[in-house]
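Asker: Starting off with a structure, shown below.
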Amino acid sequence: MKYKELAMLLKNAAEQGTAKAIEEEHPIPDRLTKAEAYRLYGRSNVDRWLREGLISPLQPTNTSQIFLDRPELETIAASSNRITYLPVTDR
């Protein structure tokens, strides 16, 4: 096993362990309001992901709030989706 592969495995294990410990101590809801998503991931990122169709809002229940799927947000935030973030001249 190469050093980079081992480092990536250890990094992923640490992130998963941390997430599990936090979830056990303070459960995190599976859906976030748009305002909460803005605070966690940044307004420009969330708006860009919505505009590009990388995430989609959940069907609102009897409220006017827009909810977003937290696991979906985490997946998009962790992925490399910066191609549209770069200026056209740099793409």
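Rule-based calculations on the coordinates, nothing more; no lab input. Values in this document were obtained by computation on a predicted structure and should not be read as measured data. All Cβ positions, glycine included, derive from the backbone under ideal geometry; neighbour counts span all protein chains shown.
Asker: In whole Hz, what ³J(HN,Hα) sequence does the range 36-41 give by Karplus (6.51, -1.76, 1.60; θ = phi - 60°), x for Gly and Pro?
Answerer: With coefficients 6.51, -1.76 and 1.60, one gets 5, 5, 4, 5, 7, 10 Hz.
Asker: So, one more: If I stretch the segment between Glu25 and Arg48 completely, what's the gain in nm (0.36 nm per residue apart, minus their alpha carbon distance), one decimal?
Answerer: 5.1 nm
Asker: Quick query: amide H of Phe67 versus all other amide H atoms, modeled in the peptide plane; which residues come in under 5 Å with a sequence gap of 5 or more or a different chain?
Answerer: Under 5 Å from the amide H of Phe67 lie the amide H atoms of Leu58, each far enough along the sequence or on another chain.
Asker: Fewest first, what order do Asp30, Asp69 take by the number of other Cβ atoms within 10 Å?
Answerer: Asp30, Asp69
Asker: Could you give the length gained on full extension between Tyr3 and Ser56, defined as 0.36 nm per residue of separation minus the Cα-Cα distance, in nm?
Answerer: This chain segment gains 15.3 nm when fully extended.
Asker: Of all trypsin sites (Lys or Arg not before Pro) in the range 1-79, which ones are in loop regions per DSSP and have a Cβ with at most 15 other Cβ atoms within 10 Å?
Answerer: Lys2
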